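A quick write-up on the structure given underneath.
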Amino acid sequence: AGKILRRHGDQMLRLSNGYYQAQGRADDTMNLGGIKVGTAEIERVVSDLPGILELAAIAVSPSGGGPSQLVIYVSPHGGGETMEPAAIKDSMQEAIKKRLNPLFRIHDVVVIDRLPRTASNKIMRRVLRDDWLTVADR
């Protein structure tokens, strides 16, 4: 009936089948070039691109210092689809430019089979940050 049951810091997405999906912390923010932005804002802008099942935006600090860099992990729909990170990055960058802020630049897009989640189905961004920082050729 539209009544608020309780307040919490998690953002939820109601799926077309009536179920809900936990989207993580609504207040999970990053600082990109001196501008604070929530991960949910970035994810909302780029999540409707074709072929994407789910995604997670994270901010990573460069090893030499400087402003945080935006990295987006993408999990494609099943069925053997292959996704080209460069093409995804271009599409996402255009969506961010038009619908959010042209100053936000995507540093990297990583395609993975599925996102790491907690037992309560929240995305484990810490694991994604650790993964990105441990791969030497990025």
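The values are calculated or read from the model by the stated rules, or taken from the named source; none is laboratory data. A quick note: this is a predicted structure, and the numbers were derived from the prediction, not measured. Note that we place each Cβ from the backbone using ideal geometry, even for glycine, and neighbour counts take in every protein chain shown. Note: areas computed on protein heavy atoms with side chains; ligands, DNA, RNA excluded. Shrake-Rupley method; radii C 1.70, N 1.55, O 1.52, S 1.80 Å.
Being open to solvent by 80 Å² or more (accessible area, probe 1.4 Å), under 21 Å from R125 (Cα atoms), outside any loop (DSSP other than H, G, I, E, B) and modelled with pLDDT under 85 is the requirement here; does M12 meet it? Full working, then the answer.
Details: open to solvent by 80 Å² or more (accessible area, probe 1.4 Å): yes; under 21 Å from R125 (Cα atoms): yes; outside any loop (DSSP other than H, G, I, E, B): yes; modelled with pLDDT under 85: yes.
Considered against the rule, which asks whether it is open to solvent by 80 Å² or more (accessible area, probe 1.4 Å), under 21 Å from R125 (Cα atoms), outside any loop (DSSP other than H, G, I, E, B) and modelled with pLDDT under 85, M12 comes out as yes.
Restricting to region 90-107, and then to whatever is hydrophobic (A, V, I, L, M, F, W, C), outside any helix (DSSP H, G or I) and touching a Leu at 6+ places or on another chain (Cβ under 8 Å), can you tell me which residue is most open to solvent (accessible area, probe 1.4 Å)?
Among residues in region 90-107 that are hydrophobic (A, V, I, L, M, F, W, C), outside any helix (DSSP H, G or I) and touching a Leu at 6+ places or on another chain (Cβ under 8 Å), the one most open to solvent (accessible area, probe 1.4 Å) is L103.
Restricting the search to region 37-54, which residues are within 22 Å of K122 (Cα to Cα) and either at pLDDT 90 or above or open to solvent by 40 Å² or more (accessible area, probe 1.4 Å) (or both)? Don't jump to the end; show me each part of the working.
Of all residues in region 37-54, those within 22 Å of K122 (Cα to Cα) come to 37-49, 51-54.
E41, I42, E43, R44, V45, V46, S47, D48, L53, E54, listed by residue number.
Checking A57 against (1) modelled with pLDDT of 80 or more; (2) buried (at least 17 other Cβ atoms within 10 Å of the Cβ); (3) farther than 23 Å from V111 by Cβ, which test does it fail?
(3)
Name the pairs: first residue in region 81-93 and farther than 13 Å from V110 by Cα and polar (S, T, N, Q), second residue open to solvent by less than 50 Å² (accessible area, probe 1.4 Å) and at pLDDT 85 or above, Cβ to Cβ under 6 Å, at least 6 apart or on different chains?
S91/L49; Q93/I106
In region 28-50, which residues are part of a helix (DSSP H, G or I) and more than 18 Å from H107 (Cβ to Cβ)? It would help to see each step written out before you state the result.
First pass over region 28-50, keeping only residues part of a helix (DSSP H, G or I): 39-46.
Hits for region 28-50 are A40, R44.
Take the residues in region 108-137 that are in a helix (DSSP H, G or I) and open to solvent by 70 Å² or more (accessible area, probe 1.4 Å); name whichever of them is nearest to L32 (Cα to Cα). Spell out how you get there, then give the answer.
At the first step, the residues of region 108-137 found to be in a helix (DSSP H, G or I) are 125-134.
The next check asks that each one be open to solvent by 70 Å² or more (accessible area, probe 1.4 Å); those that pass are 126, 129-130, 133-134.
Values: R126: 18, R129: 15, D130: 19, L133: 17, T134: 21 Å.
Top of the filtered list is R129.
Out of (1) outside any strand (DSSP E or B); (2) buried (at least 16 other Cβ atoms within 10 Å of the Cβ); (3) hydrophobic (A, V, I, L, M, F, W, C), the odd one out for A87 is which?
Among (1) outside any strand (DSSP E or B); (2) buried (at least 16 other Cβ atoms within 10 Å of the Cβ); (3) hydrophobic (A, V, I, L, M, F, W, C), the lone unmet condition for A87 is (2).
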